[in-house]
Each structure stands twice: as C-alpha cells, then as structure tokens.
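This report refers to the structure that appears directly beneath it.
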Amino acid sequence: QVDLVESGGGLVQPGESLRLSCLASGFSLDSYAIGWFHQTPGKDREGVSCISSDHGTTIYSESTKGRFTVSRDSEMNMMYLQMNNLKPEDTGLYFCAAGITIREVQGSCVINGLYRWGRGAQVTVSS
C-alpha cells in the first residue's frame, strides 16, 4: 500500500529537541519533492520546509530557519525533520508529504502535484 507514516513526536519543554521521521511505503521518495507541514487548531497547514525533487533546492519557513533541518535518506526511503530549540508556538501536528514541485509563497513552502500526505505527528512544547 502507498503510504507515509510519521513518528517521533511527543511532549518536550521549551529549548529541547525532537527528530521527526517519515517512512514511505509502496513508492520511492527519491524522485519526489518532499516537505514537512505544521498545523495548529483553527489554522491552515503551513509549509515548514521542503526539498525539491532533484534534491537541489531547500526552503525553510522564516520561523524555523536556523532551528530546524530537513533531510532525506534515499536508501531508507525516509525523510526527517530535526527540530532544535523548540518553542511553544511550534506546538501542533506535523505532516510529511510528497509531490512534484515546490515553490516559496510568503515565507513558506508549497508542494504542487501532491501525491500523498502522512496522517500527522503531534508535537507539544510546554513547560
């Protein structure tokens, strides 16, 4: 079955770190654009970071630049989001996604031609 499954979320205090993982099954991530998206209650999903299908372009949102790092592992068919120095406003659901192309819109990334969304992983940053 074609699927994306996130893992690695949890509850942390401000300033701590988490690494989210996304495992693809049924298709190869290597030839797709990939990205991570953040959603808080009552708001639309916002692109956190994306990597183009040719692996040559990476986009970070302004709020996460310098703190978060997106990466991909072709051999493992996985993608990751390393989140350092977490802040309360980082709280919410994080979704991984694969698609065709990426572009930057108002400081966040957008994936065009979406192929698959993950179901989301909860991250809570609270003292």
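The values are calculated or read from the model by the stated rules, or taken from the named source; none is laboratory data. Not measured: the values here are computed from a predicted model. Reconstructed Cβ throughout: ideal geometry from the backbone, glycine too, with neighbour counts over all protein chains shown. We work out accessible area using only protein heavy atoms, side chains counted, and drop any ligands, DNA or RNA first. Shrake-Rupley method; radii C 1.70, N 1.55, O 1.52, S 1.80 Å.
The table that follows gives values for the structure above.
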read-out	value
Which listed residue is of a type outside the set (D, E, K, R), over 24 Å from Ser127 (Cβ atoms) and in contact with a Cys (Cβ under 8 Å, 6 or more places away or on another chain), from Val48, Val5	Val5
Test: Val70 is surrounded by 13 or more Cβ atoms within 10 Å (Cβ to Cβ), aliphatic (A, V, I, L, M) and either in contact with a His (Cβ under 7 Å, 6 or more places away or on another chain) or outside any strand (DSSP E or B) (or both)	no
Candidate set: segment 1-24, residues that are among the polar types (S, T, N, Q) and open to solvent by 40 Å² or more (accessible area, probe 1.4 Å); chosen: the one farthest from Ala97 (Cα to Cα)	Gln13
Hey, Cys109 under 21 Å from Val2 (Cα atoms), touching a Gly at 6+ places or on another chain (Cβ under 8 Å) and assigned to a strand (DSSP E or B) or not	no
Residues that are over 12 Å from Val110 (Cβ atoms) and either open to solvent by 60 Å² or more (accessible area, probe 1.4 Å) or in a strand (DSSP E or B) (or both), drawn from segment 50-67	Ile51, Asp54, His55, Gly56, Thr57, Thr58, Tyr60, Glu62, Ser63, Lys65, Gly66
